[in-house]
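Structure, as structure tokens:
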Amino acid sequence: MVGVKLYFAILVSGLSAMSVVVGDYALDPGLGRVYRGFGVVVEGGVIVDAGEGDVLVGRYPRYERLVVKRGVIVPSFVDSHTHLAMVLLRARAGLLGMGEWFSEVVLPRERLLGPAEVGLGSLVGGVELALSGASGFVDMYFHEESVLEAGRRLGLRGVYTYGMVDNGDPAKAESELRETRRLADLVASLGDRRVRTAVAPHTPYTCSPALLSEAATLARERGLDLHIHLAERADEKRLTAERFGVEVRDWASYLSGLGVLGGGVSPVCFHCTHLSQDEFSALGRGGGFAVLNPTSNLRLGNGAPPIRSVLSSGIGFGLGTDGAASNDDLSMLSEAKLLALLAGVGSGLDVWGVLRALTLPAERFFGVKVGLRMGCTADLAVFRMGLGSNPAADPALGLVFSPGGFKCEYLFVGGKPVVEAGSVVGVDVDSLMDDYERAVYSVEGRLAGVGR
Ligand SMILES: [Zn+2]
């Protein structure tokens, strides 16, 4: 991918592989606990000791010491559904509904994007996510190998998937499956534990029943997850019926009839804006997982995710940005605040539940151990409380409801610093923005027929 190397002149972080990280507070979402004056000792990518910060500093005198004033240590976040490269299409949705947005904004521009542009956009998106405290993301796009290169350059964890669409064309279905196999082979050949893939039919209304069924077979054969957008729009059952001549009574039955749910396939379903509690329960019983994308859903007029149905069904769930074209932000804390507000008083979703949705999906997607205890993976974010925060108040409430007061100062992925002193290690953001600006003007110019 041309150009990426320019931003990585300095790849070496100032921090060593053995560090004692100490903050004023630490939050463990899995346990729902706040610690004061807490520290963790990081070595070999895992937490090898944890407890009172002052004690740890004395116990490990030879280790690098990172004491963050007004710091809050928390397991880092996962953007459980995104399209990183869509930063190239940011702030263009206006007041368009989903259908018009897709046909007027997305499709004409995506037709013009080459691998270098997708890579550049993904780099920009990855930098934004890292600065929001995310150490991992789940992406779906095309030219996905360019997304993968960007994610690896940044040192983030990623699930990289190729979004398959056949619209009922058997030849297209075959080529889409070929592309998915090619990506799976590439990921397997890398032997990089930060890199994962999944089989990703785009939606039930753009993928024929035959393609969905073959996708499930492929997922089963390769031992991969299956990812799909599901019930994002209110009219998806009708669209699916019209396009493919099938009847969809409920999504769980439709998917299980095609082998997409059950028999070793536990789908990860994005959006789920128009699923009933019964559908969530059936998906959950089959090991399915829901990813909510509240900003994107509201932005495109699809409604709010049915959070209470999600909670009462007991299905596991995460939170995603859905990319900057429909968000238009890539801030995990903003997404968290919206989720908390939509859930509302009396829903049973407290700030710990929100923080769990931000952090625990890393276990499902990346096989890491999330937490601040000994033996947990050193995927950590350290936020600094500044203007807009109340350092004497509950930091879990602050992080979720006053996100503007918390700045990600450090981000560790498997113990390696990706964000250091508020900047992404080795990335010259100004130069990256120059290229981003050129790329966006180039796309818009080509779209207008200029520069052909
Ligand atoms: Zn999406």
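The values are calculated or read from the model by the stated rules, or taken from the named source; none is laboratory data. Since we're looking at a predicted model, the values are computed, not measured. Ideal geometry is used to build each Cβ from the backbone, glycine not excepted, and the neighbour counts take in all protein chains shown.
Computed values, structure above
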{"read-out": "Of all residues making up the range 281-306, the number that are of a type in the set (A, V, I, L, M, F, W, C) and in contact with a Ser or Thr (Cβ under 6 Å, 6 or more places away or on another chain)", "value": "2"}
{"read-out": "Only one of L261, L349 that is within 20 Å of H229 (Cβ to Cβ) and either out of contact with any Cys (no Cβ under 7 Å at 6 or more places or on another chain) or more than 16 Å from the ligand (Cβ to nearest atom) (or both)", "value": "L261"}
{"read-out": "Pairs, first in contact (Cβ under 8 Å) with a residue 40 or more places away in the chain in the range 175-186, second not in a helix (DSSP H, G or I), C-beta under 8 Å, six or more apart", "value": "L177/M164; A184/T197; A184/V199; A184/L224"}
{"read-out": "Index of the failed condition, V22 passing every other in (1) modelled with pLDDT under 95; (2) surrounded by 15 or more Cβ atoms within 10 Å (Cβ to Cβ); (3) in a helix (DSSP H, G or I)", "value": "(3)"}
{"read-out": "Flag for A304 being part of a helix (DSSP H, G or I) and among the hydrophobic types (A, V, I, L, M, F, W, C)", "value": "no"}
{"read-out": "G318 under 30 Å from L123 (Cβ atoms) and either more than 14 Å from the ligand (Cβ to nearest atom) or not β-branched (V, I, T) (or both)", "value": "yes"}
{"read-out": "Residue that is closer than 25 Å to G99 by Cα, assigned by TED's automatic domain parsing to the domain that holds L107 and part of a helix (DSSP H, G or I), where the choices are R243, R178", "value": "R243"}
{"read-out": "Residue check, A378 at positive phi and either hydrophobic (A, V, I, L, M, F, W, C) or not assigned by TED's automatic domain parsing to the domain that holds L89 (or both)", "value": "no"}
{"read-out": "Residue check for T295: in contact with a strand residue (DSSP E or B) (Cβ under 6 Å, 6 or more places away or on another chain), within 16 Å of the ligand (Cβ to nearest atom) and of a type in the set (V, I, T)", "value": "no"}
{"read-out": "Subset of the range 37-50 (residues that are surrounded by fewer than 18 Cβ atoms within 10 Å (Cβ to Cβ) and free of Cβ contacts under 8 Å to residues at least 24 places away in the same chain)", "value": "G37"}
{"read-out": "Close pairs (8 angstrom Cβ cut-off, 6 or more residues apart or separate chains): free of Cβ contacts under 8 Å to residues at least 24 places away in the same chain in the range 71-90, within 12 Å of the ligand (Cβ to nearest atom) and among the β-branched types (V, I, T) anywhere", "value": "none"}
{"read-out": "Which listed residue, of S213, S253, S309, is touching a helix residue (DSSP H, G or I) at 6+ places or on another chain (Cβ under 7 Å), assigned to a helix (DSSP H, G or I), in contact (Cβ under 8 Å) with a residue 12 or more places away in the chain and of a type in the set (S, T, Y)", "value": "S309"}
{"read-out": "Residue within the range 268-289 that is among the acidic types (D, E), assigned to a loop (DSSP other than H, G, I, E, B), surrounded by fewer than 24 Cβ atoms within 10 Å (Cβ to Cβ) and more than 16 Å from the ligand (Cβ to nearest atom) present", "value": "no"}
{"read-out": "Selected residue (criterion: nearest to V419 (Cα to Cα)) from residues of the range 121-142 that are surrounded by fewer than 24 Cβ atoms within 10 Å (Cβ to Cβ) and within 16 Å of the ligand (Cβ to nearest atom)", "value": "Y141"}
{"read-out": "Residue check for V78: within 30 Å of E214 (Cα to Cα) and in a strand (DSSP E or B)", "value": "yes"}
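Conditions (1) of a type in the set (D, E); (2) under 18 Å from A357 (Cβ atoms); (3) over 20 Å from the mean Cα position of the chain (by Cα), marked per residue:
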residue: R233; (1), (2), (3): no, no, yes
residue: V246; (1), (2), (3): no, no, yes
residue: D250; (1), (2), (3): yes, no, yes
residue: G264; (1), (2), (3): no, no, yes
residue: C272; (1), (2), (3): no, yes, no
residue: N297; (1), (2), (3): no, yes, no
residue: P305; (1), (2), (3): no, yes, no
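Residue by residue, here is whether (1) touching a Leu at 6+ places or on another chain (Cβ under 7 Å); (2) modelled with pLDDT of 95 or more; (3) assigned to a loop (DSSP other than H, G, I, E, B) holds:
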site	(1), (2), (3)
L112	yes, yes, yes
V124	yes, yes, no
V147	yes, yes, no
V159	no, yes, no
Y162	yes, yes, no
R182	no, yes, no
A219	yes, yes, no
